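Undergrad: First the structure, which I've put down as structure tokens, then a few questions once you've had a look.
The values are calculated or read from the model by the stated rules, or taken from the named source; none is laboratory data. Quick caveat, the model's predicted, so the values are computed rather than measured. No Cβ is skipped: glycine too gets one built from the backbone with ideal geometry, and neighbour counts run over all protein chains shown.
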Amino acid sequence: MYPTVVLDTAGAEAEGGSVGRLPDGRVVFVRGALPAERVSATVIDQRGRFAFAEATEVIVASPSRVEPVCPSVAEGCGGCDLQHASVELQRLMKLQVLNDAIRRIGRIPEPPEIRVVDLLAAGFRTTVRAAVDDDGSLGYRHGRSHELVAAPACLIAHPLAAELLAGARFPGADEVTIRVGERTGEVLVVVDPGVGRVVLPLGWSDEDIGLVGAADASSSFIHEVVADRRWRISGASFFQSRRDGAEALVAAVRSAVEDLAGRPRRLVDLYAGVGLFAATVGADNVVAVEASRASISDARHNLADLGDRARCLAVPVERWRPSPADVVVADPPRAGLRRHGVERVVATGAGVVVLVSCDSGSFGRDAGLLVDAGFRLERVVLVDMFPHSHHVEVVSAFLGPQRST
Ligand SMILES: C[S@@+](CC[C@H](N)C(=O)[O-])C[C@H]1O[C@@H](n2cnc3c(N)ncnc32)[C@H](O)[C@@H]1O
């Protein structure tokens, strides 16, 4: 039987909770609590000097605690783990976690001040993955089990995706991924394992939507407009989960490159996806490196106007033979660059590295590895792509040893 304790919380914790101390002085991470609250909590796990707890009752609430807008949160929807905090407090919590990661994990004692880019906090998500219930209706996974929670009024989904979530039925399917082209109005639904009987919401017809089975996702496309370019994106390719977020990332990456390197002669875009940064940074020559065949095929299409100034390589970064570059942009998945990725970045001889990270902890570690390799952290931008969840997107820029002053 685990004990129930009364705790006073202090700072933010990386997974969206808060941190306190147990009566014996050990640090405890409290899920469901916000900073500066008094809560009753059940200790659910203990590992050495740390413990993990779940808030069961809020005794003294933070003034920034709010009632979640979305009814599905109370049902246990696992998508928005911070809807009980005001958007302002959410951002402060993310900022604190990021600052801690840079200082403690990255061992960088005096990082530059972090700039925050705020984006709309409702109706933004243009890629939505949902599970399918026995009756064909769509729902999100419960935060802590495999049960489904209906999302009749999802707060964060783009209005077209929200209509499908609420009103479409896919009997016999396991999962669907809805993708919306915000600027083009196109909608693509990838049905896993395949397209069977489909019931569309009232007012929708077959012409309003592309439907494709998972096996054919790489040959079905939507289009989106970002940075004044039209992008082809297959159902199997990675694309940022919101259009304005893609714009914000392009702007942050582009200005970091311009300010620190001018117009590069040779740009390498690692983990290039469909070519978002390769096509928009503005370089004389660009090499895009991407493991997914679907994404690199889209990148070839999207970079076609650059002719032989662009090369798209379908190879995992860990098997890529680094080529010389002036600037490297790297946007790895959540696990980050890690040591092998940093070694490849360093091997290009680039004087400027722009890192796009979607996890504060792995960003802190990668920043520390780059600093160990002689780079200096010049700039950090927190793009708040995922309001109501603890997730972040971070654009950072580093100057190499030969360019640091
Ligand atoms: C966070 S996404 C970034 C994509 C692109 N930069 C963008 O903003 O749209 C990461 C990309 O890395 C690709 N990827 C994952 N593992 C990889 C690896 N080992 N080597 C190369 N690419 C990889 C994924 O397919 C995905 O397209």
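Undergrad: Which residues, taken from the stretch 371-398, are surrounded by fewer than 21 Cβ atoms within 10 Å (Cβ to Cβ), in contact (Cβ under 8 Å) with a residue 40 or more places away in the chain and closer than 21 Å to Leu155 by Cβ?
TA: Ser389, His390, listed by residue number.
Undergrad: Tell me, yes or no, whether the stretch 360-383 has at least one residue that is within 13 Å of the ligand (Cβ to nearest atom) and in a loop (DSSP other than H, G, I, E, B).
TA: Taking every residue of the stretch 360-383 in turn, none turns out to be within 13 Å of the ligand (Cβ to nearest atom) and in a loop (DSSP other than H, G, I, E, B).
Undergrad: Take Val381 and decide whether it is farther than 30 Å from Asp81 by Cβ and of a type in the set (A, V, I, L, M, F, W, C).
TA: No: the conditions fail for Val381.
Undergrad: Which is under 23 Å from the mean Cα position of the chain (by Cα), modelled with pLDDT of 95 or more and more than 22 Å from Gly16 (Cβ to Cβ), of Leu313, Leu303, Leu355, Leu399?
TA: Criteria check complete, one pass: Leu355.
Undergrad: Can you name every residue in the stretch 384-402 that is within 29 Å of Phe124 (Cα to Cα) and not in a loop (DSSP other than H, G, I, E, B)?
TA: Once the filter is applied, which keeps residues that are within 29 Å of Phe124 (Cα to Cα) and not in a loop (DSSP other than H, G, I, E, B), the stretch 384-402 yields Glu393, Val394, Val395, Ser396, Ala397.
Undergrad: Continuing with the same structure: Which number in (1) surrounded by fewer than 18 Cβ atoms within 10 Å (Cβ to Cβ); (2) within 13 Å of the ligand (Cβ to nearest atom) marks the one condition that Glu224 misses?
TA: Exception for Glu224: condition (1).
Undergrad: Okay, moving on. Give the residue, chosen from Val27, Val39, that is β-branched (Val, Ile, Thr) and surrounded by fewer than 23 Cβ atoms within 10 Å (Cβ to Cβ). Write out each step before concluding.
TA: Values: Val39 fails: surrounded by fewer than 23 Cβ atoms within 10 Å (Cβ to Cβ).
Result of the check over Val27, Val39: Val27.
Undergrad: Also, I was wondering about something else. Consider the stretch 325-342. How many of its residues are within 9 Å of the ligand (Cβ to nearest atom) and either of a type outside the set (A, V, I, L, M, F, W, C) or assigned to a strand (DSSP E or B) (or both)?
TA: Going through the stretch 325-342 one residue at a time, the tally reaches 7.
Undergrad: Okay, moving on. Of everything in the stretch 185-221 that's among the hydroxyl-bearing types (Ser, Thr, Tyr) and in contact with a strand residue (DSSP E or B) (Cβ under 6 Å, 6 or more places away or on another chain), which residue is surrounded by the fewest Cβ atoms within 10 Å (Cβ to Cβ)?
TA: Ranking the qualifying residues of the stretch 185-221, first place goes to Ser220.
Undergrad: Of all residues in the stretch 350-359 being in a loop (DSSP other than H, G, I, E, B) and either of a type in the set (Ser, Thr, Tyr) or without any contact (Cβ under 8 Å) to a residue 40 or more places away in the chain (or both), which is farthest from the ligand (Cβ to nearest atom)?
TA: Asp359
Undergrad: In the set Ile233, Ile178, which member is under 20 Å from the mean Cα position of the chain (by Cα), more than 15 Å from the ligand (Cβ to nearest atom) and crowded, with 17+ Cβ neighbours inside 10 Å? Quick ask: steps written out before the conclusion?
TA: On the way: Ile233 fails: more than 15 Å from the ligand (Cβ to nearest atom).
Testing whether each residue is under 20 Å from the mean Cα position of the chain (by Cα), more than 15 Å from the ligand (Cβ to nearest atom) and crowded, with 17+ Cβ neighbours inside 10 Å leaves just Ile178.
Undergrad: Another one. Looking at the stretch 126-137, can you tell me whether even one residue there is surrounded by 19 or more Cβ atoms within 10 Å (Cβ to Cβ), over 22 Å from the mean Cα position of the chain (by Cα) and either of a type in the set (A, V, I, L, M, F, W, C) or in a loop (DSSP other than H, G, I, E, B) (or both)?
TA: yes
Undergrad: Same structure again: From Gly341, Gly368, Gly364, Gly336, which residue is within 23 Å of Thr127 (Cβ to Cβ) and under 22 Å from the mean Cα position of the chain (by Cα)? Give the steps one after another, and end with the answer.
TA: On the way: Gly341 fails: within 23 Å of Thr127 (Cβ to Cβ); Gly368 fails: within 23 Å of Thr127 (Cβ to Cβ); Gly364 fails: within 23 Å of Thr127 (Cβ to Cβ).
So the residue among Gly341, Gly368, Gly364, Gly336 that is within 23 Å of Thr127 (Cβ to Cβ) and under 22 Å from the mean Cα position of the chain (by Cα) is Gly336.
Undergrad: Enumerate the strands (runs of 3 or more DSSP E) found wholly within the stretch 188-236, keeping only those where 1 or more residues are in contact (Cβ under 8 Å) with a residue 60 or more places away in the chain and touching a His at 6+ places or on another chain (Cβ under 7 Å).
TA: 229-234
To keep it simple, each residue is scored yes or no on (1) touching a Ser or Thr at 6+ places or on another chain (Cβ under 8 Å); (2) outside any helix (DSSP H, G or I).
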{"position": "Glu57", "(1), (2)": "yes, yes"}
{"position": "Pro63", "(1), (2)": "no, yes"}
{"position": "Ala74", "(1), (2)": "no, no"}
{"position": "Arg107", "(1), (2)": "no, yes"}
{"position": "Glu110", "(1), (2)": "no, yes"}
{"position": "Leu120", "(1), (2)": "no, yes"}
{"position": "Arg144", "(1), (2)": "no, yes"}
